[in-house]
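The values are calculated or read from the model by the stated rules, or taken from the named source; none is laboratory data. Being a predicted model, the structure only gives us computed values, none of them experimental. Cβ atoms come from the backbone with ideal geometry, glycine included; neighbour counts cover every protein chain shown.
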Amino acid sequence: MSKAPYISECKKIDSEGIPVSDKETLIRLLCSPQYYNEDMNIVNPDAFDLRILNSGDYECFVSLGRVNGFQSQDDVDWYLSSMGYKIWDDKCDSENHYYGYGTFECGDAREVHNMIEIHPLTGSKSHIGLFYRHPDGGFYSGPLPKSDPEILEMLSDLSDLLDVKKAPTRKS
Amino acid sequence: MATIDDITTVEPVDVLATIKDVLEEIKDMVGCALAAARKSLAGGALVALMLLSNSGTVNNRIIDDTIPPVEITAQTTASIRLATESEAKERLEERLSTLATLEDGWDGEAAMRPSPQTLCNARMLIEQIDDTYLGNCTLFPSNDAGIFLKGRLGNGKIMVFVNDSQMSYVIKNKSGKISASVPFTIQGILYLNQGLEQYV
């Protein structure tokens, strides 16, 4: 497997947090119109890649919502509607705006590849992190080397897990 | 001696005969150069013509008035492929045009927009893959300036990633899969097409 920037450890992992069971339902927010082809129901593999943030930092995990971490479906709906608009208000006009989310079971993601690890995060009950273990130890940091067919397949299979739904209407 | 203009203004059925004449004349030339031209023919049909050399490594240039020139190194036996526009390819071409308008930060963070060379490579990829495999495929940007081609193929699926210089792909169905990472060349696309024929 290709080598790419990595970190030796991630302090965001909450080793004492509530473990994420295989049956737990997780949410991946599709916060860009470029993450989903609605007509063909195909998800962009980039939805599970590690991003470079506007701050210049490299993500070391994919942030996933934890349905169990919300008190009610209303809370889930509020989270989804507010997050989408928060990201795109200043950058896209409303006609081109699209956001949605996909759900999947934690165990299905773990089965995709043995480099995938899912851990609770410090300071959050509503989110967990999907990490990619690096061959040199530690975790991948920043965009994965997609020229590597193994990683390409992994990202594709992860994106195919999503049962995509349109996010609920924004609540004022 | 036939010229490129002569090749691109004849009816399709005559193109092959003309190309054969040209190859006969140039095959013994040292360091022969190949060219591909893209022209519209009568009736609006769009024909892409690719020539591959069997004289070792040569530098080839694609002459196209809509995309930047691309240098390709080919090491294959002579092969000629005529590709005609199809509905699927037109749809993907349109999608590619949309991706070309993306700006940095399209993901809400610091994602890079597809690079010009990547867009060019993706266009070539679309032109060279057989129409029958593209009906349920679409294109996506990647955050590192690359492009994905992803879709369903019968009872299987295809995933291709291209960037400035490289192409990686995975083709799989219930029987198995093939995958590769190759420099982005005509040879690489040929291998991809062979993989598609084998697995779909």
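Which of (1) surrounded by fewer than 21 Cβ atoms within 10 Å (Cβ to Cβ); (2) in a loop (DSSP other than H, G, I, E, B) does B:ILE178 not meet, given it meets every other one?
Unmet for B:ILE178, out of (1) surrounded by fewer than 21 Cβ atoms within 10 Å (Cβ to Cβ); (2) in a loop (DSSP other than H, G, I, E, B): (2).
Taking B:GLU103 and the conditions (1) out of contact with any Ser or Thr (no Cβ under 8 Å at 6 or more places or on another chain); (2) within 14 Å of chain A (Cβ to nearest Cβ); (3) modelled with pLDDT of 95 or more; (4) not in a strand (DSSP E or B), which numbered condition does it fall short on, given that it satisfies the others?
Failed condition: (3).
Take the conditions surrounded by fewer than 18 Cβ atoms within 10 Å (Cβ to Cβ) and hydrophobic (A, V, I, L, M, F, W, C) and apply them to A:MET115. Does it pass? Quick ask: steps written out before the conclusion?
On the way: surrounded by fewer than 18 Cβ atoms within 10 Å (Cβ to Cβ): yes; hydrophobic (A, V, I, L, M, F, W, C): yes.
Taking the combined requirement at face value, the residue satisfies it.
Among the residues of the stretch A:132-142, write down those that are within 14 Å of the chain's Cα centre (by Cα) and surrounded by 23 or more Cβ atoms within 10 Å (Cβ to Cβ).
A:TYR132
For B:ILE158, state whether it is modelled with pLDDT of 90 or more, within 15 Å of the chain's Cα centre (by Cα) and at negative phi. Spell out the reasoning first.
Numbers: modelled with pLDDT of 90 or more: yes; within 15 Å of the chain's Cα centre (by Cα): no; at negative phi: yes.
When the stated conditions are applied, B:ILE158 does not pass them.
Would you point out which residue out of A:ASP148, A:ASP89 is modelled with pLDDT of 85 or more and within 14 Å of another protein chain (Cβ to nearest Cβ)? Walk me through how you get there before you give the answer.
On the way: A:ASP89 fails: modelled with pLDDT of 85 or more.
Being modelled with pLDDT of 85 or more and within 14 Å of another protein chain (Cβ to nearest Cβ) holds for just one of A:ASP148, A:ASP89, which is A:ASP148.
Scan the stretch B:91-100 for residues that are within 12 Å of chain A (Cβ to nearest Cβ) and touching a helix residue (DSSP H, G or I) at 6+ places or on another chain (Cβ under 8 Å) and jot them down.
We begin by selecting, within the stretch B:91-100, every residue within 12 Å of chain A (Cβ to nearest Cβ); these are B:91-92, B:95, B:98-99.
B:LEU92, B:LEU99, listed by residue number.
One line per residue, one yes/no per condition, for (1) on the phi > 0 side of the Ramachandran plot; (2) modelled with pLDDT under 95:
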residue	(1), (2)
B:GLY154	yes, yes
B:ASP164	no, no
B:MET167	no, no
B:SER175	no, yes
B:ILE189	no, yes
B:LEU192	no, yes
B:GLN198	no, yes
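Would you confirm, using the coordinates I've provided, whether B:LEU125 is more than 30 Å from A:ASP57 (Cα to Cα) and touching a helix residue (DSSP H, G or I) at 6+ places or on another chain (Cβ under 6 Å)? Explain how you work it out, then say what you get.
On the way: more than 30 Å from A:ASP57 (Cα to Cα): yes; touching a helix residue (DSSP H, G or I) at 6+ places or on another chain (Cβ under 6 Å): no.
It is false that B:LEU125 is more than 30 Å from A:ASP57 (Cα to Cα) and touching a helix residue (DSSP H, G or I) at 6+ places or on another chain (Cβ under 6 Å).
Hey, could you check the stretch B:154-188 for residues that are touching a residue at least 60 places away in the same chain (Cβ under 8 Å) and of a type in the set (S, T, N, Q) and say which is farthest from the other protein chains (Cβ to nearest Cβ)?
Only one residue tops the list, namely B:GLN187.
Here is a check on your reading of the model: is A:SER63 modelled with pLDDT of 90 or more, within 20 Å of A:TYR35 (Cα to Cα) and of a type in the set (Ser, Thr, Tyr)?
yes
Can you tell me which residues in the stretch B:106-138 are surrounded by 22 or more Cβ atoms within 10 Å (Cβ to Cβ), within 9 Å of chain A (Cβ to nearest Cβ) and within 20 Å of B:ARG91 (Cα to Cα)?
Passing the criteria: only B:CYS137.
Considering each residue of the stretch A:92-136, count those that are under 22 Å from A:SER156 (Cα atoms), at pLDDT 85 or above and not in a helix (DSSP H, G or I), and give that number. Talk me through it step by step, then tell me what you get.
In the first step, residues of the stretch A:92-136 are kept if they are under 22 Å from A:SER156 (Cα atoms); the result is A:98-119, A:128-135.
So of that shortlist, the ones also at pLDDT 85 or above come out as A:102-119, A:128-135.
Pick out the ones that are also not in a helix (DSSP H, G or I) and you get A:102-105, A:113-119, A:128-135.
Summing the residues that are under 22 Å from A:SER156 (Cα atoms), at pLDDT 85 or above and not in a helix (DSSP H, G or I) in the stretch A:92-136 gives 19.
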